[in-house]
Amino acid sequence: MITLDPASPTSPAEQIRSQLEALIRTGQLAEDTRLPTVRQLAADLRVAAGTVAKAYKELESVGLIRTGRAAGTRVNSGFVTASPVLNAAQVFTRLAIDAGLSLDEAQGIVATGWNSHYGN
């Protein structure tokens, strides 16, 4: 489900948060799916429980997940990205990989397109 890159300049908590967000927004984690406990995910990823707790807290603060004592941590509804956008992203990803682009370069292209559309 989640993999951490120890060589990445991105903190483990941010890697966890961003990967879970992507899984939720792409529908790979359906609404009401129960997430592993903080301790379980921390053990699986071999990180401190506080690292996972930080990622969960950030996801909860934007409404992607909810935490309840008996129910555990679950995915909230209403956050799946429209499938045409996901399909386009998958096509773009394949093209970028085939062109030999790094993730940073591909993200830069998306940011340039976004900024040219919105004038930022």
**Asked** In which sequence would Arg25, Arg69 go, from the one with the fewest C-beta neighbours within 10 Å to the one with the most?
**Response** Arg69, Arg25
**Prompt:** If contacts are Cα pairs under 8 angstrom and at least 6 residues apart, what is the relative contact order of the stretch 12-75 in percent?
**Reply:** 42 percent
**Prompt:** Quick one: if you stick a label point 7 Å off each Cα along the C-beta vector at Thr37 and Lys57, how many nm between them?
**Reply:** 2.0 nm
**Fill in**
Connecting every pair of Cα atoms under 10 Å apart in the chain and solving the GNM, the largest mean-square fluctuation among Asp32, Asp104, Asp44 falls on Asp104
**Asked** If each of Met1 and Thr26 carries a label point 7 Å out from its Cα toward its Cβ, how far apart are those two points in nm?
**Response** 1.5 nm
**Request:** Work out the P(r) tail for the chain: percent of alpha carbon pairs separated by more than 25 Å, whole number.
**Result:** 33 percent
**Prompt:** Under a Cβ-Cβ cut-off of 14 Å, what is the net charge of the residues other than Asp32 that fall near it, where Lys and Arg count +1 and Asp and Glu count -1?
**Reply:** +2
**Asked** Angle, helix 83-98 long axis vs. longest principal axis of the chain, Cα atoms, 0 to 90°, nearest 10?
**Response** 70 degrees
**Complete:** Rh (Kirkwood, all Cα-Cα pairs) for the stretch 12-75, Å, reads 11.6 Å
**Request:** Determine the sum of side-chain charges near Leu45: Lys and Arg each +1, Asp and Glu each -1, restricted to other residues whose C-beta is under 15 angstrom from that of Leu45.
**Result:** +1
**Item:** the chain, relative contact order in percent, only Cα pairs under 8 angstrom and at least six apart counted
**Value:** 24 percent
**Message:** I want the local charge near Tyr56. Using Cβ-Cβ distances under 15 Å, sum +1 for each Lys or Arg and -1 for each Asp or Glu among the other residues.
**Reply:** +3
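Each value in this text was obtained by applying a stated rule to the coordinates, not by laboratory testing. None of the values given here were measured: they were computed from a predicted structure. So basically every Cβ, Gly included, is an ideal-geometry build from the backbone, and we count neighbours across all protein chains shown.
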